[in-house]
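J.: Before we start, here is the structure in question, set down as structure tokens.
The values are calculated or read from the model by the stated rules, or taken from the named source; none is laboratory data. Note that the structure is predicted; figures quoted are calculated from it, not measured. Here the Cβ is made from the backbone with ideal geometry for all residues, glycine too, and neighbour counts use every protein chain on show. Side chains included, ligands, DNA and RNA excluded: accessible areas come from the protein's heavy atoms. Shrake-Rupley method; radii C 1.70, N 1.55, O 1.52, S 1.80 Å.
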Amino acid sequence: MRITSVIRFSLITVLLLLNMQHVHGAQQRAPLPDDKPMAMVFGATISSADVMPNEEERDAIKQQVKDNYAQMLDYVIRVNASNKIYERVIEGYASQKGIVLNEDLVDKFIETFSSQMTDETSTKSIHEIAVKQVMQYQTEKAMFEEFGGRVIFLQSNPMMPIDAYHALLSRYRDNGDLKIIDKTLSETFWEVFEPPFQFEISPENIDFGQPWWL
């Protein structure tokens with residue numbers, strides 16, 4: 001499975017949850033997976049309970065996939081765990097590099113997208129989303145400046161420095177700051193860095209001079 005198919009499936013899952021968020025399953029629920037450690041990032045454990053979809057989301061999944069509920073739930077848990085790893089790595093690298101949030105970029109993000117955000121379309125405030133996006137952009141820019149390499153286009157991230165991520169994550173793995181305990185999660189997590197990439201950006205078009213939303 002390549003990174004584009006992983007992201008595509010993830011987006012389908014997100015849309016499924018959003019579209020079904022008001023559905024409450026009346027049928028008997030399948031038993032939840034046992035809580036277990038899945039990964040450790042900078043000494044902090046990520047367990048399956050930390051990334052378990054909430055009850056409403058689980059009901060939505062079961063309504064949609066029915067007999068495949070257990071497999072889909074297991075998949076969503078691993079997607080959430082991968083996202084949590086990325087979040088902690090970004091936070092840790094930004095802290096190590098002394099990256100300070102650019103408030104001007106936060107304001108510009110809000111100006112660009114505030115009209116598209118409502119309480120019905122997002123569970124997070126526009127300011128919270130803006131802060132996360134700006135810090136991600138600033139951190140990925142620093143990653144690319146340090147490691148270089150290939151950059152790919154994703155719907156969720158139009159300029160993702162895939163080789164820089166791989167280099168940084170490999171460094172953290174080798175020095176013990178990143179440990180992926182769950183075998184299946186480890187396989188799928190590292191597999192996304194294997195080329196070829198469907199939407200690789202040409203070197204002459206790579207520009208981290210400004211974020212994608214400007």
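J.: For the list (1) over 29 Å from Leu168 (Cβ atoms); (2) in contact with a His (Cβ under 9 Å, 6 or more places away or on another chain), I need the number of the one condition that Lys66 fails.
T.: With (1) over 29 Å from Leu168 (Cβ atoms); (2) in contact with a His (Cβ under 9 Å, 6 or more places away or on another chain) applied to Lys66, the lone miss is (2).
J.: Can you say whether Asn54 is more than 18 Å from Lys183 (Cα to Cα) and not charged (D, E, K, R), as far as the supplied structure shows?
T.: yes
J.: Looking only at helices (runs of 4 or more DSSP H) that fall completely inside region 122-191, which ones have 2 or more residues that are more than 19 Å from Pro211 (Cβ to Cβ) and among the hydroxyl-bearing types (Ser, Thr, Tyr)?
T.: Of the helices (runs of 4 or more DSSP H) lying wholly inside region 122-191, those with at least 2 residues that are more than 19 Å from Pro211 (Cβ to Cβ) and among the hydroxyl-bearing types (Ser, Thr, Tyr) span 162-174, 183-191.
J.: Considering each residue of region 122-175, count those that are open to solvent by 80 Å² or more (accessible area, probe 1.4 Å) and not hydrophobic (A, V, I, L, M, F, W, C), and give that number.
T.: Residues that pass the stated criteria total 12.
J.: Further, regarding this structure: When only residues in region 187-206 that are of a type outside the set (Gly, Ala, Ser), without any contact (Cβ under 8 Å) to a residue 24 or more places away in the chain and within 14 Å of Gly148 (Cα to Cα) count, which is surrounded by the fewest Cβ atoms within 10 Å (Cβ to Cβ)?
T.: Glu204
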